[in-house]
Amino acid sequence: MILVYIFILFCMFVCLLFKSKRYLHMLQQNLYNENNRYIKWVFRNSKQFLDLDFIAIFISLIGMLVIYDLEKISILLMLVLGGLFLALAYLWRSRLQNDQNKKPLVITKRVRRLIVTTSILYLIPMIFLILQNSDCQFVWIMITVLTIMIFLNPFVVFFANIINFPIERAVYHYYKYKAQSKLKSMPNLKIIGITGSYGKTSSKNILSDILNIKYNALPTPRNLNTYNGLIMTVNNNLTKFNDIFIAEMGAYVKGEIKGLCKLVKPQYGILTRLGTAHLESFGSEQNIIDGKFELIESLPSDGFAVLNGDDSKQVNYKLKNKVRIIWIGIDNPDVDVRATNIKCSSKGTEFDVIFPNDKKKYHFETKLLGDHNVYNILAGLAFGYEFGISISDLQQAVKGVRPVEHRLELKRLSNFYQIDDAYNSNPIGAENAVRVLGMMPGIKVVVTPGMIELGEKEAEYNKKFGEQIANVADYAILIGEYKTKPIKEGLLAKGFDKEKIVVFNDVRDAYPFIGKLAKNKEVYALFENDLPDTYNE
């Protein structure tokens, strides 16, 4: 019988290997359940862990009811159970291979600790099973417990995360203290915080490119805009040779930005456009506004902040401190740094800029597309001007600003042009992206899974997005039938040709379809948003 138990345990182990990888991946993508993101995902996708697990539990329960002296029947049942777990492992392996893993599981030290804790949780009943293999009833009880634990694997992984919480807090505080000590040892370092609903990463990268023409500026890499991301950047990337540290600050709830400011203590700040991004977690638009202004209200009186004079939410906000404000804008004539005569084409954007106390207009050119990038450049110019960079150097810096990856990045793919705006999407950004697409020649295509985390207004915003697409595009390719229903409604409401609405479950299927369109004509395809793996249908 011991060989049969070992076979069963081996089958369970193989099944767990693939199943646990899936849920560790989702736990990581959901920020280790920050603001209950992982638990919400589990209940939203509960069908994913049903599979053959119910059958395995059923066989285990039957085994417990079998007359214990009928050894042959018990062995037969256990062999069937082992076969079920192997089939289940194959099913999970196939799912992992077919998943659109845009961002794979990163095996960090924290993930390794989770793997160890999860393994211990499963080893406990396995050890009891091996030690008590002579007691048939106990064996079946342990096998049933293990089967149920495999069925509830997403919750076992979550429980392991809870068990590890004290360890993770201790690790966090160690590296936090190390980062704060490093910042204190650099009293001449200029620290700029950037937050907002939209365009934080673009604004950060553009600011870095502009300031680096004279200074040695370090921006937080990629989208490392959380507590851990800032701590990691300071400890691993910041050096004594850096003059400026640009800290992107993200938030899902009110109070997070204030905490990030206590961590790095910025003297300067930029607020990008405010809107409804993460409305679901913030709870209300006012909470979003208050939460983002925590950056500005954390700045010292001898610093300054750059705000958008075309954003009514920023203009109408009553500041609770006396930090100096530099206003930027396009439409508002009363701002300090203003862009006029904006002209966009497939080659980029050109515009004139008026600086404070200078009536002369200075001409700027950039490879970047869209008015929202002009706002980001204006914020960078405001800082460059304040930090003593000459106008000619600023003009040169703007001309050399690199396109931000996956943010209205125009590139040639095979036989068509891709406007890659896949990193993230929001109502204002999506509208700007569609407007940019409208400036292009040839056949125009939009590829999108829609916008997310917009709370109760999500369907409304996606329907409006569909209407905007209908005004510009020749074809609409929707990724995921369920999530994109509001977009389809908006398209049809505007009289868009139903035959030119194509639905795929995988964005990779869009490429050959567009390739066929581009055989005889020039095609520009806007890829708007690329949802993380947690939203795969």
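Throughout, read-outs are computed from the coordinates displayed, never taken from laboratory work. Values in this document were obtained by computation on a predicted structure and should not be read as measured data. Virtual Cβ from ideal backbone geometry, glycine too; neighbours counted across all protein chains shown.
Cut-off is 10 Å between beta-carbons; in what order do His363, His372 appear when sorted fewest neighbours first? Walk me through the numbers on the way to the answer.
Numbers: His363 10, His372 24.
Lowest to highest Cβ neighbour count: His363, His372.
Can you give me the Kirkwood hydrodynamic radius for region 409-535, using every pair of distinct Cα atoms, in Å to one decimal? List each step's numbers first, then the result.
Numbers: mean 1/r = 0.0702 Å⁻¹.
It is 14.2 Å.
Of Lys200/Lys485; Lys40/Lys411; Lys190/Lys361; Lys343/Lys519, which sit over 32 Å apart, Cα to Cα?
Beyond 32 Å: Lys40/Lys411.
What do you get for Rg/Rh over region 188-399 if you use C-alpha atoms and the Kirkwood form of Rh?
Across region 188-399, the Cα-based Rg/Rh ratio is 0.94.
Output wanted: per-residue J couplings in Hz (rounded whole) for region 283-292, from phi through Karplus 6.51 cos²θ - 1.76 cosθ + 1.60, θ = phi - 60°, x for Gly and Pro.
Values, residue by residue: x, 7, 5, 5, 5, 4, 4, 4, x, 6 Hz.
Which whole-Hz couplings ³J(HN,Hα) result when phi for each residue of region 341-358 is put into the Karplus expression 6.51 cos²θ - 1.76 cosθ + 1.60, θ = phi - 60°, listed in order with x for Gly and Pro?
Per residue, the Karplus-derived 3J(HN,Hα) values read 6, 6, 10, 10, 8, 5, 8, x, 9, 10, 6, 10, 10, 10, 9, x, 6, 8 Hz.
So if R0 is 51 Å, what FRET efficiency would Ile391 and Phe13 give, r being the distance between their Cβ atoms, rounded to the nearest 0.05?
That pair, Ile391 with Phe13, gives E of 0.15.
Roughly how many nanometres apart are two label points built 7 Å out from the Cα toward the Cβ at Lys516 and Ile124?
5.6
Measure off 7 Å from each Cα along the Cα-to-Cβ vector at Phe138 and Glu365, then give the distance between these two points in nanometres to one decimal.
8.3
Which cross-chain or sequence-distant (5 or more) residues have an amide H under 5 Å from the amide H of Leu189, H modelled 1.01 Å from N in plane?
Under 5 Å from the amide H of Leu189 lies no amide H from a residue far enough along the sequence or on another chain.
Is there a pair in Lys347/Lys444; Lys399/Lys521; Lys367/Lys464 whose C-alpha atoms are over 27 Å apart, and which pairs would that be?
From the list (Lys347/Lys444; Lys399/Lys521; Lys367/Lys464), the Cα-Cα distance tops 27 Å for Lys399/Lys521; Lys367/Lys464.
Rounded to the nearest 5, what is the percent of antiparallel bridges among the DSSP beta bridges in the chain?
30
Give the percent of DSSP beta bridges with both residues in region 409-535 that are antiparallel, rounded to the nearest 5.
So the antiparallel bridges in region 409-535 amount to around 20 percent.
Along region 400-407, what does the Karplus equation 6.51 cos²θ - 1.76 cosθ + 1.60 (θ = phi - 60°) give for ³J(HN,Hα), rounded to whole Hz, x for Gly and Pro?
Per residue, the Karplus-derived 3J(HN,Hα) values read x, 4, 7, x, 7, 4, 6, 10 Hz.
Working out 0.36 nm times the residue gap between Met232 and Lys318, then minus their Cα-Cα distance, what length gain in nm do you get to one decimal?
On the way: separation 86, 0.36 × 86 = 30.96 nm, distance 3.39 nm.
The span from Met232 to Lys318 would gain 27.6 nm if fully extended.
At 0.36 nm per residue, minus the direct Cα-Cα distance, what do Glu481 and Lys411 gain on full extension? Give it in nm, one decimal, please.
So the chain would gain 22.5 nm between Glu481 and Lys411.
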